[in-house]
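A.B. asks: Sharing a structure here in structure tokens format.
The values are calculated or read from the model by the stated rules, or taken from the named source; none is laboratory data. Note that the structure is predicted; figures quoted are calculated from it, not measured. In this analysis, Cβ positions are derived from the backbone assuming ideal geometry, glycine residues included, and neighbour counts consider all displayed protein chains. Areas reflect the complete protein model, heavy atoms only, side chains present, ligands, DNA and RNA absent. Shrake-Rupley method; radii C 1.70, N 1.55, O 1.52, S 1.80 Å.
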Amino acid sequence: MLHAYEKFSDLDALYSPDAKVATSMYENADLFNEEMERIFKRTWVWVAHDSELADKGSFKLSNVGLEPVIVVRDRKGDVNVLVNRCRHRAATVCEVKKGKTSSFQCPYHGWGYGLDGSLRGLPYPEQYGEDFDKGAHGLKKLRTESYNGMIFATFNDEVEPLVDFLGPEVRRYIDLFMKQGGGFPVKVLGEHQFTVPMNWKVQLENTTDAYHFPVVHKSFMQSLDGDAEEAFKFLDTGKGYVEDLGNGHSVMVMIPERIDLDENLDDPVEERFLPLVQELREEGYPEDQVKKIVRAVGGAGFNLNLFPNVSFSLAFFRVLTPINVERTDIRHIALGMDGGPAAANRMRMRLHEHFQGPMGFGSPDDAEVWERVQRGTKGGEDLPILVNRGLIDEHPGALGPRGHISAETGMRAAYKMWKRMMSL
Amino acid sequence: MNMMTKTNDLVLLQKVSAFLWAEADLLDAKDYDAWLALWLTEGFYTLPIGEGDDFDNQLNLCHDNDRMRRDRIQRFQQGFSISSAPPARTVRTVSRFVIESVEGDTVTVSSAEHVIEDKFGRQRVWAANMKHTLVASGDGFKIRTKVVRLLNSDGMLNSFSYLF
């Protein structure tokens, strides 16, 4: 596809130095193909959380860019990410979304693969001759690394180690985010999935966008009780911020008191959590553990946005999968406490259902405005999309600029990385 | 089965069908206040994900008690939710009624639902298995539980600005 790349040599025209995005960024199918090659085939892409692969043989289907993969824990306990394609005639070897198995067998001619992707056997091998090398015909395997339970894979053997790609600030925020286990390991409880007719970058922008919240989510805010509604009024209080954390990553801090869930444990409990407090007390949890668990149930006070496909959003993971230039699949993964009180996990799931997913009080309105962006770009091809909000008062943070809570600093971080990767 | 029982079964099937058709009509018309009035306060309106049925302890698309049902309707009606102002329009068919059990004044009925939605000049089709638990009330019924299992509940969906 290198010939097509010539068309996009003027990257400044696509994302300008003064933070304006060309309309074709959401619409051009050739550019989309380039992005899949130059970004999704070359960097670390999130594929699974550790808790989704609890045992040896546990697997789930996932994607790295456009490519379908199987994420599986083998007998040694290592996680492998394998392209879901038989090495013989390309049929998928697994169409079960998640489960447990001891091997993968192609349904077409019966080639069998181990949990590490190695070719174990095939019917009537004689016709390939005596020098057929089974070792060279395993499922294509991606480089796989993880940090604090988050599993990433890449097609690029040359890319820097995951920990360096994340960098110190992202790692610090991941560790803080995982405190919402409330003293228990964080566990995936389920997921909401919906597809939206929009370019993947519309979604990439959105999780760093506090500016839309009081407008798009007014109806969600209205369904909250007083204290909870206060917590979501982060634009009015102006205490939060958005910070570029390097390599396209950013954090949007909405509720600074909730960055570290081990702090401020004596803050008054929101009204909506009082029945849970009562339930945990009755179950015999000691008072300081009750405080810790209840605080954790409310989630973290920030969205951590990783380039290119996963965001740690208050209390859940948001994962995007590009499908084509005008279509993106979204997963909202619900999290809970592994081994924690059932009452706390029930509350986590009800809170997730309240905002997230196809029937949530928040996601459908997000999906509507994302689709409206894609529809709007049909007009005014020459008009730029503005992501320059808040440039006027940015100041240096730990690794990159930090701006107002409603600044588009996080989007600029992502587009800066986009440009870097597209120019390599 | 004697003739009399069979007649009674058919009368019940007819009464239940009429009730579910009337409910479907309210939902297509988005006459949500009338729909809320069909419910018993303790009832749950649930769209599960996958096959599980421990709704309290699993993640669902929605699992609404009385308060959540009312909040959901308020969200639809107040005009601040961009996805429901205007919502997709719907035409639905409910059929394949099977009375699963009758205990005292409580009837459990399963049915099939097809919904076609229209918005932005495109139409989408949804299919679901439904199960209602209905409690006799006056000439008709009240809903105690309604479980709607979308055929692809654990797959990629879209966002919904209406009820199933």
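A.B. asks: Any idea of residue B:7's accessible area? Nearest 10 Å², probe 1.4 Å.
C.D. replies: 60 Å²
A.B. asks: Taking the full set of protein chains and a 1.4 angstrom probe, give the accessible area of residue A:287 in square angstrom, rounded to the nearest 10.
C.D. replies: For residue A:287, the solvent-accessible surface is approximately 80 Å².
A.B. asks: Can you give the accessible area per residue of the stretch A:7-152, in Å², using a 1.4 Å probe?
C.D. replies: Here the residues of the stretch A:7-152 average 47 Å² of exposed surface.
A.B. asks: Quick one: in the stretch A:167-423, what % of C-alpha pairs are over 29 Å apart?
C.D. replies: The share of Cα pairs beyond 29 Å in the stretch A:167-423 comes to 30 percent.
A.B. asks: If you don't mind, another one. Give me the percent of the accessible area of the stretch A:100-147 that comes from carbon and sulfur atoms, probe 1.4 Å, all protein chains in place.
C.D. replies: 47 percent
A.B. asks: Going by Cβ distance under 4.7 Å, what cysteines of the protein assembly as shown have no possible disulfide partner?
C.D. replies: Taking the Cβ cut-off of 4.7 Å, the unpaired cysteines of the protein assembly as shown are A:94, B:62.
A.B. asks: In percent, what relative contact order does the stretch A:1-87 have, based on Cα pairs under 8 Å that are 6 or more apart in sequence?
C.D. replies: 16 percent.
A.B. asks: Using a 1.4 Å probe on protein heavy atoms, which residues of the stretch A:340-366 have at least 20 Å² less accessible area in the complex than alone?
C.D. replies: Listed by number, the residues meeting the 20 Å² cut-off are A:346, A:349, A:350, A:353, A:354, A:358, A:359, A:361, A:364, A:365.
A.B. asks: Also, quick follow-up: Rounding to the nearest 10 and keeping the result within 0 to 90°, find how far the Cα-based axis of helix B:66-78 lies from the longest principal axis of chain B.
C.D. replies: 50 degrees
A.B. asks: Over the stretch A:218-354, give the accessible area per residue in Å² for a 1.4 Å probe, as an integer.
C.D. replies: 35 Å²
A.B. asks: Return P(r) of the stretch A:193-232 (all Cα-Cα pairs; 5 Å bins starting at 0; whole %; ordered from short to long distances).
C.D. replies: Going out from 0 Å in 5 Å bins, the stretch A:193-232 shows 5, 19, 21, 20, 17, 11, 5, 1 percent.
A.B. asks: Hey, how much of the P(r) for the stretch A:1-146 falls beyond 18 Å, as a percent of Cα pairs?
C.D. replies: Roughly 64 percent, rounded to a whole number.
A.B. asks: Here's something else I'd like to know. Which pairs break 31 Å Cα to Cα here: A:187/B:146; A:141/A:419; A:218/B:146; A:179/B:30; A:187/B:119?
C.D. replies: Cα-Cα > 31 Å for A:179/B:30; A:187/B:119; rest within.
A.B. asks: Ignoring solvent entirely, what values of log10 I(q)/I(0) come out of the Debye formula for the stretch B:3-150 at 0.20 Å⁻¹ when each Cα is a single scatterer?
C.D. replies: Per q value, in the given order, log10 I(q)/I(0) is -1.46.
A.B. asks: Once amide H atoms are placed 1.01 Å from N in the peptide plane, what residues at a sequence separation of 5 or more from residue A:187, or on another chain, have their amide H within under 5 Å of its amide H?
C.D. replies: Excluding prolines and chain starts, which carry no amide H, the hits are A:336, A:337, A:338.
A.B. asks: What chymotrypsin sites (Phe, Trp or Tyr not before Pro) does the stretch A:190-297 have in DSSP loop regions with at most 11 other beta carbons within 10 Å?
C.D. replies: Loop-located and lightly packed - none at all.
A.B. asks: With each pseudo-label sitting 7 Å past Cα toward Cβ, what's the residue B:13-residue B:152 distance in nm, one decimal?
C.D. replies: Distance between the two pseudo-spin positions: 3.2 nm.
A.B. asks: Rounded to the nearest 100 Å², what is the sum over both chains of accessible area buried where B meets A, with a probe of 1.4 Å?
C.D. replies: Its buried surface, counting both partners, is about 3100 Å².
A.B. asks: For a quick size check, give me the Cα extents of the stretch A:191-273 along its three principal axes, largest first, whole Å.
C.D. replies: Over the stretch A:191-273, Cα extents along the principal axes are 42, 32, 28 Å.
A.B. asks: What is the percent carbon and sulfur in the accessible area of the stretch B:3-150, measuring with a 1.4 Å probe over the protein chains and ignoring ligands?
C.D. replies: Carbon and sulfur atoms account for 54 percent of the accessible area of the stretch B:3-150.
A.B. asks: Test of the criteria: in the stretch B:15-54, which GluC sites (Glu not before Pro) are in a DSSP loop and have at most 16 other Cβ atoms within 10 angstrom of their Cβ?
C.D. replies: Those satisfying the criteria are B:51.
A.B. asks: Related question: Please give the charge dipole size of chain B, origin at the Cα centre, charges +1 on K and R Cβ atoms and -1 on D and E Cβ atoms. Round to the nearest 20 debye.
C.D. replies: 500 debye
A.B. asks: Given contacts defined as C-alpha pairs under 8 Å and at least six residues apart, what's the relative contact order of the stretch A:115-209, whole-number percent?
C.D. replies: In percent, rounded to a whole number, it is 15.
A.B. asks: Given the -39500 (n - 2.57) contribution per DSSP H run of 4+ residues, what per-residue ellipticity at 222 nm results for chain A, rounded to the nearest 500 deg cm²/dmol?
C.D. replies: After summing the helix terms and dividing by residue count, I get -8000 deg cm²/dmol.
A.B. asks: Would you compute the Debye intensity of the stretch A:123-237 from its alpha-carbon atoms alone, equal scatterers and no solvent, and pass along log10 I(q)/I(0) at q = 0.19, 0.22 Å⁻¹ to two decimals?
C.D. replies: Log10 I(q)/I(0), no solvent term: -1.33, -1.34.
A.B. asks: Let me ask something additional. Using the alpha carbons of the protein assembly as shown, what is the convex hull volume per residue in cubic angstrom, as a whole number?
C.D. replies: It is 190 Å³ per residue.
A.B. asks: Can you send over the solvent-accessible area of residue A:155, 1.4 Å probe, protein chains only, in Å² to the nearest 10?
C.D. replies: Rounded to the nearest 10, that gives 40 Å².
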